[in-house]
Amino acid sequence: MTEATRHTPGTPCWVSLMVHGLEGTQEFYNALFGWEFQPGPQHLGPYVRALLDGEEVAGIGQLPPDRHLPIAWTPYLATDDADETAETIRCCGGTVAVGPLDAGEAGRLALCSDPVGAVFGVWQAEAHHGTATAGPPGTPVWNELLTYETSSVAKFYRSIFGYEVEPVVSADFDFATLHLDDRPVASLHGVGNALPRERGAHWMTYFEVEDTDGAARLVAELGGHVLKPPREGTAGRQALVTDPEGAVFTLVRSIDH
């Protein structure tokens, strides 16, 4: 791998979803985003990579029938050494639930959670570098951590990946942006008691769309749910939705599109 294709450690480089109905989930996202699919590494069971115009944008895997885990989009953060990062996560109060383990020739991964329970992955790239395109409709364009408060969890992520943390100074708004190489790569949003009790702290993936209102209607037609209807936000017009298995994500028509 050349330096040109290597993600700076800490950069969100991939999003993955584990579901019970792999075929039905592929049909949903094909209809919503136009994704096509090809087989990926089968190290944790059936797994496909989603393609948009031939470029890899996300992964979807099938859970074993007896695994009743929350269905959620999970961001993977780049690392040069998954084993070392996993050990640092443990030392800083996080949990390593899966791995580190090899995903065939694609790379090495670990599935982890931060001290308040938000799940994220760590990806050490080999043959597979991660999301090949971001920006066009149907691609993941942002990741935000919804948590109780940002100050302590910001220290955790900064200790792991060396982020520069830029908080918003406000008496009634707990928000911070994570920067690498002087550019924003993710955000933290402390919502206190407004955090959904059944989900707890969690990472949220934003997917770009041409038309937020039309995409939200399509989600409902395809068997998903609209949790928060389209509205104007700081990033653009957005809607909070779920797929038919309950994975929550945000549709966004970015301001700069």
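The values are calculated or read from the model by the stated rules, or taken from the named source; none is laboratory data. Keep in mind that this is a model prediction, so the values were computed, not measured. Cβ: placed from backbone, ideal geometry, glycine included. Neighbour counts: every protein chain shown. SASA here: full protein model, heavy atoms, side chains in, ligands and nucleic acids out. Shrake-Rupley method; radii C 1.70, N 1.55, O 1.52, S 1.80 Å.
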**the chain - share of DSSP beta bridges that are antiparallel (%, nearest 5)** = 80 percent
**Message:** As I understand it, the dipole of the chain uses +1 on the Cβ of Lys and Arg and -1 on the Cβ of Asp and Glu, about the Cα centre. Which of GLY192, PHE207, LEU63 lies farthest toward its positive end?
**Reply:** GLY192
**Message:** I'd like the distance separating the alpha-carbon centroids of segment 210-257 and segment 148-171, in whole Å.
**Reply:** 27 Å
**Asked** Under a point-charge model restricted to the Cβ atoms of Lys and Arg (+1) and Asp and Glu (-1), what is the dipole moment magnitude of segment 77-131 relative to its Cα centre, in debye to the nearest 20?
**Response** 240 debye
**Request:** Using a 1.4 angstrom probe, figure out how much accessible area the chain has per residue, in square angstrom, rounded to the nearest whole.
**Result:** 47 Å²
**Message:** Nearest 500 deg cm²/dmol is fine: what mean residue ellipticity at 222 nm does the chain get from its DSSP H runs of n ≥ 4 alone, each adding -39,500 (n - 2.57), divided by its residue count?
**Reply:** -5000 deg cm²/dmol
**Prompt:** So what is the relative contact order for segment 212-257, in percent, with contacts set as C-alpha pairs under 8 Å and at least six apart?
**Reply:** 35 percent
**Complete:** The longest stretch of the chain containing none of the GluC sites (Glu not before Pro) that sit in a DSSP loop with at most 10 other Cβ atoms within 10 Å is 1-104
**Message:** Let me spell out the model: positive unit charges on the Cβ of Lys and Arg, negative unit charges on the Cβ of Asp and Glu, origin at the Cα centre of segment 45-151. What dipole size does that give, in debye rounded to 20?
**Reply:** 340 debye
**Item:** Hull shadow area, averaged, the chain [alpha-carbon convex hull, nm²]
**Value:** 13.1 nm²
**Request:** Work out the length of the dipole vector of the chain about its Cα centre, built from +1 on the beta-carbon of each Lys and Arg and -1 on the beta-carbon of each Asp and Glu, and round it to the nearest 20 debye.
**Result:** 620 debye
**Prompt:** With a ≥ b ≥ c the root eigenvalues of the C-alpha gyration tensor of segment 1-138, is it rounded (a/c under 1.5), prolate (a/b larger than b/c) or oblate?
**Reply:** oblate
